[in-house]
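The values are calculated or read from the model by the stated rules, or taken from the named source; none is laboratory data. What you see is a predicted model, and the numbers here were worked out from it, not measured in a lab. So basically every Cβ, Gly included, is an ideal-geometry build from the backbone, and we count neighbours across all protein chains shown.
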Amino acid sequence: MYEYSGPKVLQLKRRNELSHRVCPWWLGYFLASPIRRFLYDPEEVLGPYIKEGMSVLDMGCGMGFFSLPIAKMIGRSGKVFCIDLQEKMIEGLVKRAKKAGLSERIEARTCRQNSLGVKDLAGEIDFALAFALVHEVPDKDRLFSEIYDTLRHDGKFLLVEPGGHVSKKDFEQTISTAQGAGFESLSEVKVRRSHAVLFCRRTDKK
Ligand SMILES: C[S@@+](CC[C@H](N)C(=O)[O-])C[C@H]1O[C@@H](n2cnc3c(N)ncnc32)[C@H](O)[C@@H]1O
């Protein structure tokens, strides 16, 4: 079946954008598999930071391995904004959310590679998660600035990168980029086979 996906120029532009080291969409099924819980238990990893009623941002959410447990943790009065570059990831997430009866707590969006498109969420987010996302994003300065702007004054941001793909040195560079965008490192966090840091907003950001 032929599917129209916009003018030729836009199609080409989008294909070029996707060429930057992005996790293939079909891997989304594996990443969302319950078997992955043996490695990462979402309640254990995120439980210390997420409370009922919170607004949470899950960036590079894939098919929602973390988004669905987050939606359970925030309860009926909370909201999780799930953002991904790839439509297929978002389609998978939306299907899984519907099946789990969690659709009302989830707002799913696709974004562009160089912007999360979250201006409307400025100052709204209590907790932001970037799990295995940042190494796939070319413009990290912009990514971190956008995350910073979405957070409430006491909001927190958990950055987790896979140890297998990202060297310690590269992760340290990523931390300084986040600090340059106004984040302050609160603590290193233990997440299996990963590098992880919890950030808050630096209040004296110029
Ligand atoms: C390795 S997967 C991790 C998925 C999910 N966080 C998890 O742990 O199950 C990385 C995800 O980030 C998305 N992604 C890559 N670049 C992105 C960008 N610039 N903006 C938003 N999402 C992006 C990919 O489409 C993919 O779904």
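Across region 182-206, which residue is surrounded by the most Cβ atoms within 10 Å (Cβ to Cβ) among those that are in a loop (DSSP other than H, G, I, E, B) and among the β-branched types (Val, Ile, Thr)? If we take residues in region 182-206 being in a loop (DSSP other than H, G, I, E, B) and among the β-branched types (Val, Ile, Thr), then Val191 is surrounded by the most Cβ atoms within 10 Å (Cβ to Cβ).
Of the residues in region 30-48, how many are surrounded by 13 or more Cβ atoms within 10 Å (Cβ to Cβ) and assigned to a loop (DSSP other than H, G, I, E, B)? Of the residues in region 30-48, 3 are surrounded by 13 or more Cβ atoms within 10 Å (Cβ to Cβ) and assigned to a loop (DSSP other than H, G, I, E, B).
Pairing each residue of region 175-197 that is more than 21 Å from Pro138 (Cβ to Cβ) and without any contact (Cβ under 8 Å) to a residue 24 or more places away in the chain with any residue that is in a loop (DSSP other than H, G, I, E, B) and of a type in the set (D, E, K, R), provided the two are 6+ apart or on different chains, yields C-beta distances under 7 Å for Glu184/Arg202. Please give the number of the condition Lys72 fails out of (1) out of contact with any strand residue (DSSP E or B) (no Cβ under 6 Å at 6 or more places or on another chain); (2) of a type outside the set (Asp, Glu); (3) surrounded by 19 or more Cβ atoms within 10 Å (Cβ to Cβ). Going through the list (1) out of contact with any strand residue (DSSP E or B) (no Cβ under 6 Å at 6 or more places or on another chain); (2) of a type outside the set (Asp, Glu); (3) surrounded by 19 or more Cβ atoms within 10 Å (Cβ to Cβ), Lys72 breaks only (3). Can you tell me which residue within region 155-165, out of those that are modelled with pLDDT of 95 or more and either farther than 20 Å from Leu31 by Cβ or surrounded by fewer than 18 Cβ atoms within 10 Å (Cβ to Cβ) (or both), is farthest from the ligand (Cβ to nearest atom)? Checked region 155-165; the qualifying residue farthest from the ligand (Cβ to nearest atom) is Gly155.
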